[in-house]
Structures are given as C-alpha cells and as structure tokens.
Amino acid sequence: MLATIATGMATAGPAGAQQWNPFADISSSTSNPSSDIDFTRRWQANPPPGYPTLSPANLAATKKAIERYEEIVKSGGWDPIPPIKLAGGYNDPSVQILRKRLQLSGELESGEAWMPQQFDYSVEKAVKRFQATNGLAPTGIVDKRTRAALNVSAKSRLQQLKKGHSRIREYVGKTKKGKYVVVNIPAAQIEAVEDDKVVSRHAGVVGKVSRKSPILSSSIHELNFNPVWRLPPTVVSQDLIPKGRQMEKAGKDVLVKYGIDAYDGSGRKLDPEKINWRSSMPHGLSYRQQPGKENPLGFVKINFHNSHSVYLHDTPSDSLFGRNFRAASSGCVRVHNIEELAAWLLEGKEGWNKSQVISMRETGESKNVRLKAPVRLYLAYITAWATSDGVVQFRRDLYGKDGVGNEAGSY
C-alpha cells in the first residue's frame, strides 16, 4: 500500500515542484557556510512567483491531496528523522529513513536505491523540493528546521490540508478574475495577482504571535508616500512607554533618541523634558514620527479600511526579509520590494509608473495618492494547499489555528 501511495504522489509531485522551484538543480555550496547563508537570505527575500494561493483551481487540487494523505495516514504515516544533520555525501542509516519519508510525500521517486544509506544527488534534489514546498530555502541540507518540518506527522498534515481546503473555499468566486493582493500570513508572503496569475510575490514581515496580524478582507484605496507615523495604541503601551521609563532611569529621553513628537489632547506639541514616564501622563498622549530615514513605515504606506489599525508598508531595515521566520511586527505587514507592488497598484493612474514611485523614495516628498480604482485585499491564513500542477504546499501553523498542537508551528 505504501509503495502505491508513494508512486502516485511522485508522479504528480516532483515534476511540478521542479517547475515551481528554479533552484531544484542548483547546488548551494555545502563547503562554504557563508555562501549557504547568503543563498538562504536571497531565497527567502526574493521568492519566485509561483501559483496564486487563493486560485479557485487549488480547491480541486487540494481535495486530491487530501485523498492521498488519507491513504498515507491509513497506512501508518512516516517515521521521524533522527536528530542528526544530513547533507550531500553523508552515509548514515538515517538517510534510509529520509528516503522513505520523501518517497511517501512525493519528492523522491519510489524504488530501491543501490546504496540506501548514501545521501546522493537524488536525495539532495528531493530535499530541495521538500524545502521549497515547505517555505524553506532549498539548500539540500537537512538541518534542524528542515528536520522539524519533515517530522510533522502525516495526520497533522492531513488536518492542515482539510483546514486549507475549507479556508480557500471561502474565497472562491472572488479570486478568479481581476486584480487583488493577498497576504498569506503563515507564509509571510504577499502576492499581487491579476486574472489568476501572480504578477509579483514579495517576502513580508507579519505580526508576531503576541500581536497577530488579523484575518480580513478589504480594498486598497490609497498610498501615502513618505508618511508620518502615528504610533498605534499597542506600540505606545507595550513598547514606547516601557522604553521611556527604562531610558528615563538612565537619564536619557526616548522621544529625543527616536525623533518622536508627543501631543496632548488639544493637539499641542509637548516638550519631551516635561513628560514624566513614571506617571499616567504618557498614556493620555498621542505620538508621531515625521518622515525620514528612521521612520519605520519607510517611504510608502498602503492604506485599506479596517478596524484593526493595520496597513502594509515599507521599512528602513530589510534584514528580516532574508530570514525564514518573519513574524516580528505589531500586526502590520512590511513588504519587501514594495516599490514594485506600489507601481502595480497605481497602474492606470495618470503620471504614475515605477520610475515615479522610486523618485518619491529618493526625493522624500510627502504625498497621498488615491488609486484609480480600489484593489481587493485579503489577509488570509492558509497553511496547506495544493496547486494545479499537483504540488502540495505546507507552511508553519504560525498562530496555532489548525488544531494540530505545536508540531506544525515549531520550525
């Protein structure tokens, strides 16, 4: 039974995965750790376009994936990979377990290997395919994070697929035609989609577990170039005020250090030295940071109506985009290469193109620009789905919404 399942999945999975993953046959340098790190950062920050996560075609594909995983679970699932690093050239009994695991999920063709304990080229390619379809940089190395993803049980993956199918179904009828933007929170990626094709895909930074990005549907209606940052209540109470108290003890001023202005209820700007951070006074004030290099919104903010005070925006620091785990914001979504997304949103608006967008960053001019027509926006939570090429995708259950415990969110 297991061999039948593996064969069926291998014919549908690897070919599609190889097309989706342009690095499938590129070997990252396992002899140069610095090169490995650079490769990983580039991959995470610049994902290939791929297929739309919310495509209506994914509904049928995910249903087929559910049927295949039901057979895997019925047949006993897969054995966990032992806690050992595995890479090209390694010879270890754990490689044999890895082979069977990858055959079951479809990244490696079924059949007996001549040297089953040898981590050969075919295993390396299969590991890369697995990594690419699990939101990991395809290095071909089974490190701690990859091993944790491999060791999520088949039962949990089946549960995630069922959840994914149900969630995607909510968007069917909304995503077949026209333009929309989707933020898939577990993937920490943003897709610009037009007529069911991904125009651009962007790495993102989403809300940390303690300050989750909300699931919502809205429409983007305006871009603010070089905006003023109005600190949201959560940032004020959980970040600014504690920092203000800490710095006050050291004889320093948080507002002066970070270039933030404080205002009272009548809109009057206050002298930073007159604010007592140990009192209740700071809670009754509003705070703003003017446009500039230190402004956390970067050079553009993308607005949409919502009750959560969240938005999409640029950032003055892009270091997080190269990381795999990118849940680090207070709920808003930071977007890598946002100028490309901004130019796409402004298509059809007279006088606006990518060059004009880039010039706004260079000049620092503050300007609010309404879109010619609103563009639909979805902040979605999809951890498992399949695409029309037969490839099954999984992402970590970042906020624990899949009902599978911690194992699917611990890598």
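Where in region 204-242 does the amide nitrogen come within less than 18 Å of the point 7 Å from the Cα of residue 281, taken along Cα to Cβ?
Under cut-off, by backbone N: 237, 240-242.
Going through the cross-link list 63/177; 125/212; 144/249; 177/293; 125/179, which pairs have a Cα-Cα distance over 32 Å in this structure?
125/212; 144/249; 177/293; 125/179
Using 1/(1 + (r/R0)^6) with R0 = 30 angstrom and r between the beta carbons of residue 273 and residue 239, what's the FRET efficiency to the nearest 0.05? List each step's numbers first, then the result.
On the way: r = 21 Å, r/R0 = 0.69.
Result of the calculation: an efficiency of 0.90.
Would you calculate the separation in nanometres between label points at residue 325 and residue 294, each defined as 7 Å from the Cα along the Cα-to-beta-carbon direction?
Distance between label points: 2.9 nm.
Please report the spacing between the Cα centers of region 44-68 and region 268-323 in Å, no decimals.
Using only Cα atoms, the two centres lie 35 Å from each other.
Give me a comma-separated list of calculated 3J(HN,Hα) values for region 187-194, in order, Karplus coefficients 6.51, -1.76, 1.60 applied at θ = phi - 60°, integers in Hz, x for any Gly or Pro.
Rounded to whole hertz, the list is 7, 6, 9, 10, 10, 9, 10, 9.
Would you calculate a helix-derived [θ] at 222 nm for the chain, using -39,500 (n - 2.57) for each DSSP H run of n ≥ 4 and dividing by the full residue count, to the nearest 500?
Numbers: 11 runs with 130 residues, N = 411.
Result for the chain: -10000 deg cm²/dmol, rounded to the nearest 500.
Per residue of region 406-411, in order, report the coupling 6.51 cos²θ - 1.76 cosθ + 1.60 (Karplus, θ = phi - 60°) as ³J(HN,Hα) in whole Hz, putting x for Gly and Pro.
Working through the residues one at a time gives 8, 5, 8, x, 9, 10 Hz.
Could you give me the ³J(HN,Hα) list for region 218-224, computed from phi with Karplus coefficients 6.51, -1.76, 1.60 and θ = phi - 60°, whole Hz, x at Gly and Pro?
Result, rounded to whole Hz: 7, 9, 6, 10, 7, 10, 10.
In the calculated pair distance distribution of the chain, what percentage of Cα-Cα distances lie above 34 Å?
Distances greater than 34 Å cover 37 percent of the Cα pairs.
Assuming R0 = 30 Å, what is the FRET efficiency of residue 370 and residue 174, from their Cβ-Cβ distance, to the nearest 0.05?
In this case the efficiency is close to 0.85.
Scan region 65-146 for trypsin sites (Lys or Arg not before Pro) in coil per DSSP, keeping those whose Cβ has at most 15 other Cβ atoms within 10 Å, and list them by number. Show your work: numbers first, answer last.
Working: sites: 68, 74, 85, 99, 100, 101, 125, 128, 129, 144, 145; in loops: 85.
When the trypsin sites (Lys or Arg not before Pro) of region 65-146 are filtered for loop state and at most 15 Cβ neighbours within 10 Å, 85 remain.
Would you please give the FRET efficiency between residue 84 and residue 42, computed as 1/(1 + (r/R0)^6) with r the Cβ-Cβ distance and R0 = 45 Å, to the nearest 0.05?
My answer for the efficiency is 0.95.
Any idea what the dipole of the chain comes to, in debye rounded to 20, about its Cα centre with Lys/Arg Cβ at +1 and Asp/Glu Cβ at -1?
So the magnitude is around 1060 debye.
Bear in mind these aren't lab numbers, they're just calculated from the coordinates by the rules spelled out. Only a predicted model underlies this, so the values are computations on that prediction, with no experimental measurement involved. Here the Cβ is made from the backbone with ideal geometry for all residues, glycine too, and neighbour counts use every protein chain on show.
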